[in-house]
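What follows is one structure encoded as structure tokens, with my remarks underneath.
The values are calculated or read from the model by the stated rules, or taken from the named source; none is laboratory data. Since we're looking at a predicted model, the values are computed, not measured. Virtual Cβ from ideal backbone geometry, glycine too; neighbours counted across all protein chains shown. SASA here: full protein model, heavy atoms, side chains in, ligands and nucleic acids out. Shrake-Rupley method; radii C 1.70, N 1.55, O 1.52, S 1.80 Å.
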Amino acid sequence: ARPFLNEPDTGLNPFLFGQNATDECPVPSTPQSQGGAEGCLPDINIAKGLPDYEAIARKCLPARNYTYYRNGAAGEYTYRRNLAIFHQYTFRPRILVDISKIESTLSTTILGYNFSAPFYISPCAQAGMAHPNAEINFVKAAAKENILYMPALFATRTIEEIAEAKAEGQVLFQQLYLSATNDTETEELIRRTEKAGAKAIVFTVDSAADGNRHRAARYDVGSADSSYSAFTWEYYVKLTTMTKLPIILKGVMSFADVQLAIKYKVAGIILSNHGARQLDGAPTSLEVAIEIHQKDPEIFKKMDILADGGVRYGTDVLKLLALGVKAVGVGRPFMFANIFGQEGVEQLIRQLKKEIALDAANLGCPDLREINDNFVDWNPKQCVD
Ligand SMILES: Cc1cc2nc3c(=O)[nH]c(=O)nc-3n(C[C@H](O)[C@H](O)[C@H](O)COP(=O)(O)O)c2cc1C
């Protein structure tokens, strides 16, 4: 495959490496497990959009830590597809529409809880590889900007430490990996999650086995679980009897399973290929959302459907929302922004909110909550790359 452009060149490099691009920053000596790009970080203001945080992290983090966040499965074809797919669909912009109120229409509900924007911080393990305060930065930034955060079970900080950092009334959804064979362990995890005050369980179902991750294997930072899972829909039914919390299934990636999720009255699903870290060749969440929309668009009204993977621009968010997706998850960009700590995470949230508003305005969509499939030409076109 041809070399892949991870981030389009938007003129960042001279700010990061100097005008002659020769003053490479030395790899910092901070121990990997404690993260740390300190001493190397450029001015936070040079990050103008989501892809910039990755470019900065690649320069500033130890290679092993960067690779843990960056890697995808096998030849990373789905990783590339996640980023590229959005550009196969062009908008149908409308003109002479009063879009002056757009910023006041970004708010949404997820499982009935109010948030200021239709995007959230996806559950990603090991935030401590980027910053010593790890997930605490996500909790606090999410509270400040009133967006949803889904902490990962394999976080650097414990469920309890993360809950402790919550603001008054802050809503978190807890991501869990469960054991199909050890109900005692599952019960214990669920009790901890409930006690911590999580408002929903995000049960990840797209990791039936370890991800086959070549890039990660070079640095010994592969996926954390090494068993083949025995989960079934019957297990899901049993799980619903173990807790009163709503359960969101994360990693639904076929129309057949979406139909089953409806049949089993699942509270919500996340269309996700796990950031392309599990099955190379999996479809992208945009493609699955398009398939649902083509086959039975009413499904989007029957449960909250969220989606993640490769979302890097406001326009990516708009395309998913136009199909009926309720809110969109962002993973790696937040992990990379965290090298700047809470300030970096907050800045990213503000930047994405602004992009969504600007893009919706230029699209001629006066109210984000009213965006619909007419705003996009769903005939795929050749990507510009
Ligand atoms: C470093 C890293 C760790 C992740 N850890 C988890 C995890 O523990 N549980 C989970 O459900 N998903 C995990 N994911 C997947 C994310 O929740 C999300 O689906 C994905 O990152 C979205 O794609 P994006 O990174 O392109 O935004 C992880 C992703 C990354 C990049």
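Values computed for the structure shown
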quantity	calculated
One residue from ALA256, ALA165 being at pLDDT 95 or above and either touching a Ser or Thr at 6+ places or on another chain (Cβ under 6 Å) or within 26 Å of PHE119 (Cβ to Cβ) (or both)	ALA165
Some residue of region 234-247 being at pLDDT 95 or above, farther than 20 Å from LEU348 by Cβ, within 16 Å of the ligand (Cβ to nearest atom) and open to solvent by 30 Å² or more (accessible area, probe 1.4 Å)	no
Those residues of region 361-385 which are closer than 29 Å to ALA142 by Cβ, part of a loop (DSSP other than H, G, I, E, B) and hydrophobic (A, V, I, L, M, F, W, C), in sequence order	CYS365, ILE371
Options SER122, SER107; residue that is of a type in the set (Gly, Ala, Ser) and crowded, with 21+ Cβ neighbours inside 10 Å	SER122
GLU343 of a type in the set (Asp, Glu), surrounded by 15 or more Cβ atoms within 10 Å (Cβ to Cβ) and under 21 Å from the mean Cα position of the chain (by Cα)	no
Criterion: under 13 Å from the mean Cα position of the chain (by Cα) and open to solvent by less than 10 Å² (accessible area, probe 1.4 Å) - qualifying residue of ALA307, ALA261, ALA322	ALA307
Filter pass, ILE290 being more than 15 Å from the ligand (Cβ to nearest atom) and either touching a Leu at 6+ places or on another chain (Cβ under 7 Å) or open to solvent by less than 30 Å² (accessible area, probe 1.4 Å) (or both)	yes
Single match in ARG94, ARG64 (criterion: in a helix (DSSP H, G or I) and either buried (at least 24 other Cβ atoms within 10 Å of the Cβ) or away from the ligand (no atom under 11 Å from the Cβ) (or both))	ARG64
Only listed residue being within 25 Å of ALA289 (Cβ to Cβ) and outside any strand (DSSP E or B), chosen from ALA216, ALA230, ALA208	ALA208
Total residues in region 319-333, condition within 14 Å of the ligand (Cβ to nearest atom) and either in contact with a helix residue (DSSP H, G or I) (Cβ under 6 Å, 6 or more places away or on another chain) or without any contact (Cβ under 8 Å) to a residue 40 or more places away in the chain (or both)	6
Matching residues, region 305-318, being within 10 Å of the ligand (Cβ to nearest atom) and either closer than 17 Å to TYR53 by Cβ or in contact with a His (Cβ under 9 Å, 6 or more places away or on another chain) (or both)	ASP308, GLY309, GLY310, VAL311, ARG312, ASP316
Selected residue (criterion: nearest to the chain's Cα centre (by Cα)) from residues of region 265-282 that are more than 14 Å from the ligand (Cβ to nearest atom) and open to solvent by 50 Å² or more (accessible area, probe 1.4 Å)	GLY281
Output for region 19-57, where each listed residue is over 24 Å from the mean Cα position of the chain (by Cα), open to solvent by 20 Å² or more (accessible area, probe 1.4 Å) and at pLDDT 55 or above	GLN19, ASN20, GLU38, GLY39, PRO42, ASP43
Residue among ASN137, ASN133, ASN182, ASN114 that is open to solvent by 10 Å² or more (accessible area, probe 1.4 Å) and either under 19 Å from the mean Cα position of the chain (by Cα) or aromatic (Phe, Trp, Tyr) (or both)	ASN114
Test: residue in region 368-377 that is within 15 Å of the ligand (Cβ to nearest atom), open to solvent by less than 10 Å² (accessible area, probe 1.4 Å) and either among the β-branched types (Val, Ile, Thr) or more than 28 Å from ARG70 (Cβ to Cβ) (or both)	no
Selection from region 156-170 of residues that are over 12 Å from ALA196 (Cβ atoms) and surrounded by 15 or more Cβ atoms within 10 Å (Cβ to Cβ)	THR156
